[in-house]
Number of protein chains: 2
Amino acid sequence: MKDTRWLSETELDAWMAYVTATHLLERRVEEQLKADSGLTHAQYEILAKLSASPERRMRMTELAREVVVSKSGLTYQIGQLEKLGLVERTTCPSDERGVLAVLTDEGVRCLERTAPGHVAVVRAFLIDQLTPEELQAMARIMSKAAAVMTAAPGHSIEAPARRRGTGRRTALG
Amino acid sequence: MKDTRWLSETELDAWMAYVTATHLLERRVEEQLKADSGLTHAQYEILAKLSASPERRMRMTELAREVVVSKSGLTYQIGQLEKLGLVERTTCPSDERGVLAVLTDEGVRCLERTAPGHVAVVRAFLIDQLTPEELQAMARIMSKAAAVMTAAPGHSIEAPARRRGTGRRTALG
DNA sequence: AGGGTGTAGTTCAAATTCGAACAACTAGAA
DNA sequence: TTCTAGTTGTTCGAATTTGAACTACACCCT
């Protein structure tokens, strides 16, 4: 790990602009959602995923993976959304352990009511700023990055505690 | 606000990929930093900004604006970094109210020690995935977006002061 | 069947973030 | 000078997020 390939000027420009833009955008999105609907971005993402899912329902673990949040984080948010009547919990028919998060009709209405303002912000600060070529590039770039990270090992999304690890023998061996 | 301009298929692709990639990347970055140095990404960003600043010091409010975090959030993190001996607080000579966050020598060493691993992650999951054209596009896209959001009103993070000297940049971004 | 291993979701404590309220200070006008 | 408005950084409480520990269930192999 001695000699590092530092970032070139352009690479640094790209990275720093990305980091800053991402923070600013998250703030704008959060601000708009909170003001117009009382939802957080995390909650909106959950509702959106559910609404795009067959039967408007999804298993907890898969949903957590989709929105890229920890299992406990999702448990919390689904709890909040349940309180609001936007989501319901159902035990999974095929797996007694499983829980299905189901978008309620109220949830659908909330989403329909909220989406326009959300889209407007995404457009105003990102999408509408881009040329068609840049839009394509962005889709390509981000898809590639997401694919690589999804494929690469070390998914911090709940690394199962590997017990028998380092090949060391225990007293039981 | 009646008829919404919904996102086209490509626009939606770009946006969704962006959101997902951003979450995944944040996780990877956070994971690496925590493992290799015990720092959070927020803390790393603060150290990096300070190190690229003249005299390695910055006013709290300006620093908060630069790293795009709330004033109270910065107060908290500077407190943490102070405990770790990586940053010190100094009262601003020219303004009795002001506080200067100053990167200590220990802070510099910590950053130098941590930067290689951080850059490696940024490269592996984002930068090195891009063609030169895509890299350019990304820099352009994100700079544009950041500029628009910085300029637009409604900043929850106040934006009075004009930016002074061209804070020099290091490769630690 | 009986065990052992792995998975699904929840609970818990700890860390972090934000906004509002606040105290201290600055700056401009009268 | 003195008043007034605006700025600066901190404190406080509430909300959110995470990883680890835990319970309940599923699946496989003999």
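Can you tell me how many residues in segment B:98-127 are within 9 Å of another protein chain (Cβ to nearest Cβ) and in a helix (DSSP H, G or I)?
Taking segment B:98-127 as the starting set, the residues that turn out to be within 9 Å of another protein chain (Cβ to nearest Cβ) are B:115-117, B:119-120, B:122-127.
In the following step, the residues that additionally are in a helix (DSSP H, G or I) were identified as B:115-117, B:119-120, B:122-125, B:127.
Qualifying residue count, segment B:98-127: 10.
Could you check segment A:124-147 and list, in sequence order, the residues that are closer than 19 Å to B:T4 by Cα and either among the polar types (S, T, N, Q) or open to solvent by less than 10 Å² (accessible area, probe 1.4 Å) (or both)?
Hits for segment A:124-147 are A:L126, A:I127, A:Q129.
B:E158 - would you say it is at pLDDT below 95, of a type in the set (D, E) and on the phi < 0 side of the Ramachandran plot? Explain how you work it out, then say what you get.
Working: at pLDDT below 95: yes; of a type in the set (D, E): yes; on the phi < 0 side of the Ramachandran plot: yes.
Yes, satisfied.
Test B:S70 against the criterion of being closer than 22 Å to A:R27 by Cα, among the small types (G, A, S) and in contact (Cβ under 8 Å) with a residue 60 or more places away in the chain, and give yes or no.
On the way: closer than 22 Å to A:R27 by Cα: yes; among the small types (G, A, S): yes; in contact (Cβ under 8 Å) with a residue 60 or more places away in the chain: yes.
In short, yes.
Surrounded by 12 or more Cβ atoms within 10 Å (Cβ to Cβ), under 30 Å from B:M138 (Cβ atoms) and either within 16 Å of DNA strand C (Cβ to nearest atom) or modelled with pLDDT under 95 (or both) - does that describe any residue in segment A:105-123? Before you say what the answer is, go through the steps one by one.
At the first step, the residues of segment A:105-123 found to be surrounded by 12 or more Cβ atoms within 10 Å (Cβ to Cβ) are A:106-108, A:110-111, A:114-123.
So of that shortlist, the ones also under 30 Å from B:M138 (Cβ atoms) come out as A:114-123.
Then keep just the ones that are either within 16 Å of DNA strand C (Cβ to nearest atom) or modelled with pLDDT under 95 (or both); that gives A:121.
Yes, segment A:105-123 contains at least one residue that is surrounded by 12 or more Cβ atoms within 10 Å (Cβ to Cβ), under 30 Å from B:M138 (Cβ atoms) and either within 16 Å of DNA strand C (Cβ to nearest atom) or modelled with pLDDT under 95 (or both).
Looking only at segment A:6-18, count how many residues are part of a loop (DSSP other than H, G, I, E, B) and more than 7 Å from every other protein chain (Cβ to nearest Cβ).
Of the residues in segment A:6-18, 1 are part of a loop (DSSP other than H, G, I, E, B) and more than 7 Å from every other protein chain (Cβ to nearest Cβ).
When residues of segment B:57-87 are filtered for being at negative phi and either crowded, with 17+ Cβ neighbours inside 10 Å or more than 10 Å from DNA strand C (Cβ to nearest atom) (or both), how many remain?
So the count comes out to 20.
Before we move on, is A:K71 more than 11 Å from chain B (Cβ to nearest Cβ) and among the basic types (K, R)?
Working: more than 11 Å from chain B (Cβ to nearest Cβ): yes; among the basic types (K, R): yes.
Answer is yes for this residue.
Hey, does segment B:12-22 have a residue that's within 10 Å of DNA strand D (Cβ to nearest atom), aliphatic (A, V, I, L, M) and surrounded by fewer than 21 Cβ atoms within 10 Å (Cβ to Cβ)?
Checked segment B:12-22: no residue is within 10 Å of DNA strand D (Cβ to nearest atom), aliphatic (A, V, I, L, M) and surrounded by fewer than 21 Cβ atoms within 10 Å (Cβ to Cβ).
Within segment B:33-43, can you find the residues that are under 10 Å from the mean Cα position of the chain (by Cα) and either surrounded by fewer than 16 Cβ atoms within 10 Å (Cβ to Cβ) or within 13 Å of DNA strand D (Cβ to nearest atom) (or both)?
From segment B:33-43, those under 10 Å from the mean Cα position of the chain (by Cα) are B:41-43; that's our starting set.
Within segment B:33-43, B:H41, B:A42 meet the criteria.
With the structure loaded, tell me whether A:M1 is within 14 Å of another protein chain (Cβ to nearest Cβ) and either at pLDDT 95 or above or farther than 22 Å from B:Y18 by Cβ (or both) or whether it fails that test. Give the steps one after another, and end with the answer.
On the way: within 14 Å of another protein chain (Cβ to nearest Cβ): yes; either at pLDDT 95 or above or farther than 22 Å from B:Y18 by Cβ (or both): yes.
For A:M1, the condition - within 14 Å of another protein chain (Cβ to nearest Cβ) and either at pLDDT 95 or above or farther than 22 Å from B:Y18 by Cβ (or both) - is met.
Is it the case that some residue within segment B:44-51 is open to solvent by 20 Å² or more (accessible area, probe 1.4 Å) and either more than 11 Å from DNA strand D (Cβ to nearest atom) or within 14 Å of chain A (Cβ to nearest Cβ) (or both)? Give the derivation first.
Start the filter on segment B:44-51 by keeping residues that are open to solvent by 20 Å² or more (accessible area, probe 1.4 Å), which leaves B:45, B:49.
Okay, now just the ones that are also either more than 11 Å from DNA strand D (Cβ to nearest atom) or within 14 Å of chain A (Cβ to nearest Cβ) (or both), so B:45, B:49.
Yes - at least one qualifying residue is present in segment B:44-51.
The values are calculated or read from the model by the stated rules, or taken from the named source; none is laboratory data. Small disclaimer: the values here were computed from a predicted structure and weren't measured. Glycine gets a Cβ as well: all are built from the backbone with ideal geometry, and neighbour counts include every protein chain shown. Remember, those area values only see protein heavy atoms, side chains included, never the ligands or the DNA or RNA. Shrake-Rupley method; radii C 1.70, N 1.55, O 1.52, S 1.80 Å.
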